[in-house]
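Notes follow the structure.
The values are calculated or read from the model by the stated rules, or taken from the named source; none is laboratory data. Because the structure is predicted, anything quoted here is derived from the model rather than measured. Positions of Cβ are generated from backbone atoms using ideal geometry, with glycine treated the same way; all protein chains shown enter the neighbour counts. Surface accessibility is based on the protein's heavy atoms, side chains included, excluding ligands, DNA and RNA. Shrake-Rupley method; radii C 1.70, N 1.55, O 1.52, S 1.80 Å.
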Amino acid sequence: TFHRRSPWDGVACTEDGKVRALALDKAGLVGHIPPQIALLKHVENLIIKNNPGLRGTIPSIIGNMSQLRQLGLYGNDLTGTMPESVSQLSNLVYLNLSSNKLMGQLDWEGLSHLRMITRLILHNNFLEGSIQFHLLAKMGLSLLGLSNNLFSGYIDEAVGGLASLEYLYLDRNKLIGEIPSDIGYLTNLKALNIDENEIDGTLPSTLGNLLQLEYLSARSNRLSGGIPTTIKSLTNLSTINLASNALTGPIRPLIGMTGLKNVHLYQNTLTGSIPAGVFALPNLENLFLSSNHLTGTLPGGIVNAQASLTGLYLSDNFLRGTIPNQICALYQLENMFLDTNGFSGPLPSCLDELTRLRRLLVFKNQLTGEIPSGLSNLADLVQLGIEENHFTGALNNSCVAFGGNLKLWADCDELSDGCDCCTKCCSDGSSSC
């Protein structure tokens, strides 16, 4: 049996005294779930969550609690398999067994009999085997959460049969193969996450059919090919994360995706220039394009992102030319990473207008001239990396004004007075930056 502090906290009863709901959140439960819990035959909602001292298996007799509509046993330390008797709970609309230590394969056939269920959440366990999408299609799910397990096999074309699905989370498993074009039939989908699998092939053009999509993430897979042009139809999309793949081609398909706030396309092999239209996206907050093969110059149209852009990450590309003065209009900017490119000319003297700037990295470029003294006026600046360039002039006068929290990397021996406040001097032979 398990033990708790007060016998009535989290208990709701009907007018005639029958227990209707039991909710025990962070109740300090220890021990096992007793089979006698099934004596609560009138319970509709059974939620036992966030009790790390609750161990053992889920009693199979739980399948006798025929009135259950919501069963949530998550954030505990439960082990074993999911009882097959769960498939007897024909009134169930919500099943959440996430964040335990459940293992083994699921009885997909049995689960498919739960025709009223709309939310199935099993993430953060050790469940394995292939996902039987053709059986899941019988259930009318709006949310399927299988993240962070050991599921293997393919996302097959049967996934297109889950027509009512709004949220699909398959990330951090061992899935292989391509994304089927049938994914385009999930026209109610708002969120799709397949991060950290072994998915290969190209992004299907049918993704453009998912007009309700707000979140799309396929980070850390083996995707190749270009970003499909059909994706520009996804004007409700707020976050796109296709980082750490092998995508090629231009980023131009992003133009016109007016809902975009967060763009994560780093660690691919994307090519071409950064079109000015990307900075015209009215809600753009974070643009992560680092570690690609992008070329060309920064467009003056970057000024169009001034009302929203907080993070600009363009490190490790092949960008060139001068850093335009228009960049100083980005008054919301907090992080600007332009390092490891081919930028030349001076740093804009107006950078002190970026009063919210916290991190400025421009190392490993061909920048010249003096370091703007106004940088010392940036009260929130905590990281400044200017090494491996060709700067001249003095910096120590600014050292007095820099805050004590600033980490500063510079080529000290190229500056006329060295750098007394540098965290690292990168060309003095004493350390490597």
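Out of the residues in the stretch 383-412 meeting the condition of being more than 24 Å from residue 322 (Cα to Cα) and of a type outside the set (A, V, I, L, M), tell me which one is modelled with the lowest pLDDT.
Selected residue: 403.
Looking for something of a type in the set (Val, Ile, Thr), under 18 Å from residue 82 (Cα atoms) and under 23 Å from the mean Cα position of the chain (by Cα) - is there at least one such residue anywhere in the stretch 128-141?
Yes, the stretch 128-141 has at least one match.
Within the group 117, 199, 121, which residue is over 27 Å from residue 260 (Cβ atoms) and in contact (Cβ under 8 Å) with a residue 40 or more places away in the chain?
After applying the criteria, what remains is 121.
Tell me which residues, restricted to the stretch 318-336, are surrounded by fewer than 22 Cβ atoms within 10 Å (Cβ to Cβ) and within 26 Å of the chain's Cα centre (by Cα).
Within the stretch 318-336, 331, 332, 334, 335 qualify.
With the condition kept exactly as written, say whether any residue in the stretch 171-188 is among the hydroxyl-bearing types (Ser, Thr, Tyr), part of a strand (DSSP E or B) and in contact (Cβ under 8 Å) with a residue 12 or more places away in the chain.
no
Does at least one position in the stretch 363-373 carry a residue that is touching a helix residue (DSSP H, G or I) at 6+ places or on another chain (Cβ under 7 Å) and either on the phi < 0 side of the Ramachandran plot or touching a residue at least 60 places away in the same chain (Cβ under 8 Å) (or both)?
Within the stretch 363-373, one or more residues are touching a helix residue (DSSP H, G or I) at 6+ places or on another chain (Cβ under 7 Å) and either on the phi < 0 side of the Ramachandran plot or touching a residue at least 60 places away in the same chain (Cβ under 8 Å) (or both).
Only residues that are in a strand (DSSP E or B), open to solvent by 10 Å² or more (accessible area, probe 1.4 Å) and under 16 Å from residue 255 (Cα atoms): list them for the stretch 278-305, please.
286, 288
Suppose we keep only residues that are in contact with a strand residue (DSSP E or B) (Cβ under 6 Å, 6 or more places away or on another chain), open to solvent by 10 Å² or more (accessible area, probe 1.4 Å) and not in a loop (DSSP other than H, G, I, E, B) within the stretch 353-367. Which one would you say is farthest from residue 334 (Cα to Cα)?
That would be 366.
Tally up the residues in the stretch 126-169 that are in a helix (DSSP H, G or I) and either touching a Pro at 6+ places or on another chain (Cβ under 8 Å) or on the phi > 0 side of the Ramachandran plot (or both), please.
Adding up the residues that qualify gives 3.
Sort out for me the strands (runs of 3 or more DSSP E) sitting completely within the stretch 69-124 that have 2 or more residues that are modelled with pLDDT of 95 or more, open to solvent by less than 30 Å² (accessible area, probe 1.4 Å) and more than 15 Å from residue 149 (Cα to Cα).
Once the strands (runs of 3 or more DSSP E) in the stretch 69-124 are filtered for at least 2 residues that are modelled with pLDDT of 95 or more, open to solvent by less than 30 Å² (accessible area, probe 1.4 Å) and more than 15 Å from residue 149 (Cα to Cα), what remains is 70-72, 94-96.
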